1. Which values of log₁₀ I(q)/I(0), to two decimal places, follow from the Debye formula for the stretch 43-161 at q = 0.16, 0.18, 0.24 Å⁻¹ with a uniform point scatterer at every Cα?
2. In deg cm²/dmol, rounded to 500, what helix-only [θ] at 222 nm does the chain give when every DSSP H run of at least 4 residues adds -39500 (n - 2.57) and the total is split over its residues?
3. Taking every Cα atom in the stretch 222-362, find the radius of gyration and the maximum pairwise distance Dmax, and write them in Å.
4. Stokes-Einstein D for the stretch 291-414 at 37 °C, 0.692 mPa s, Kirkwood Rh over Cα pairs, in µm²/s?
5. For helix 214-224, what angle does its Cα long axis make with the longest principal axis of the chain, in degrees from 0 to 90 and rounded to 10?
6. Using only the Cα atoms of the stretch 340-405, build the gyration tensor, take square roots of its eigenvalues as a ≥ b ≥ c, and label the shape rounded, prolate or oblate: rounded if a/c is under 1.5, else prolate if a/b is larger than b/c, else oblate.
7. Are any of the pairs Lys253/Lys333; Lys69/Lys156; Lys186/Lys352; Lys156/Lys186 more than 30 Å apart by Cα-Cα distance, and if so, which?
8. In whole percent, what relative contact order does the chain give with Cα contacts below 8 Å and a gap of six or more residues?
Amino acid sequence: MTWDSPRFPVVECTLTEAQTAVLKCISPLAGEKVPVSEALFYQNSTPLLAALPKPPFDQSIRDGFALSKTPHVVNDGRATFQVIGEIAAGCTNPGKLQPGEAVSIMTGAMVPPGCVQVVPFEVCLEEDESVSMSLENLQNKQTFIQTKGSEVKEGKVLVNAGVCLLPEHLLMLAENGCREITVSRKPDVAVICTGSELVGTGTMPGAGQKISGNGVFLPGLIQAENAGCSWSVTVADEVELIVKSINSTLARKPDMILSTGGMGPGKFDLMEQVFARLGGRVVYNRLCVRPGKFTLFGTVYDTPFFALPGPPPAVRLLFYELVAPALGALQGKSQVVAPLVTASLENTLSVKNTGHLSLKGAVVRLTDNRLRVRPAGRMEPINSIIYLQGERRTAEYGDNVQVRLLGGLQGLAM
């Protein structure tokens, strides 16, 4: 084992500077065509325009009678029309109504030429081959007719580029006759966990060993960002072994590589040496943030590479702040870093005075139209991250703190 390989000069960034620098190194992946039925949660690559108006014809929005302009008879405050047939949904060629005529019509059916309004069944009286209604109902301003293109006009943008496709988008696209769309390919991420003390999941650890939880945790975080993880390995703290593992990983052509462990000032913190051996280009190797001081980002043969620390709580925070935005940018998302918001603290919070930004995983809830936040347990699921700036070491109950929401306001505890 060698520890005397060259290290890189220190390139220190604030968290905001690091986020900006990372995104400058990321380009959206090439698009691919997928059937609309399989496009859920993909990022749309190009604006999708309506090829058809919606509705595609004037249609009835109630079960009732489609009426011509003038009644056949008006008597005792009631108007009577002659019923000449019925129109079911799906009828493609309804005949034209003449003055004094009406047809029974179903919801969603095409309104016939010559029809000026639909009167619902419940206010009509049908007798033999005629139907009547009060003049008050006849003069109702609501026609119960939805005109062609009133909901969506032909050529209207249905879904903008960079939008994550949800079930409602797929419904709208399917109703507009769209069969397949171009989406950003989901990134494929490789994970390499370093540590001579680590064994893979499913392996019984021996003396001095422990199971590599990051080997399962990181793929889970990756999949939650709508990306894939096709490669996850655990490697001992040997420069040659790590270099060999990364070269094998690069041969698989991943879109991104994440490593955990091996970052720091210690004798066994080898990732900077490994990165130098690989000819990597360092963007930063120090952060003015806690946790995460010793963190590296760069590229190896143009592949984005994050070297994260080993403790899972730090891995989680740095993943959300740095890796998740990069995955979003690979997928062509229009906004990848959510703005900070203000929340009221529900518990006193203390952190070490490092003079740098401190991050803390947190749980936000929305109550009385206010955001309230508390620090999360060590590996309790989080929906936000608390920011404590600079020299601030404590925040008291009721204090306002800056928070970044993970996933927006959806899914907040109530």
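1. Normalising to I(0) and taking log10 leaves -0.71, -0.84, -1.31.
2. Details: 8 runs with 68 residues, N = 414.
Per the formula, -4500 deg cm²/dmol.
3. Considering the stretch 222-362 through its Cα atoms, Rg and Dmax are 16.2, 50 Å.
4. On the way: Rh = 15.5 Å.
Taking Rh from Cα pairs, D becomes 212 µm²/s.
5. Helix 214-224 and the main axis of the chain meet at about 30 degrees.
6. On the way: a/c = 1.77, a/b = 1.41, b/c = 1.25.
It is prolate, given that a/c is not under 1.5 and a/b is the larger ratio.
7. Exceeds cut-off: Lys69/Lys156; Lys186/Lys352.
8. 17 percent
Values quoted throughout were computed directly from the atomic coordinates according to the rules given, and no laboratory measurement underlies them. The shown structure was predicted, so the numbers you read here are calculated from the model rather than taken from an experiment. So basically every Cβ, Gly included, is an ideal-geometry build from the backbone, and we count neighbours across all protein chains shown.
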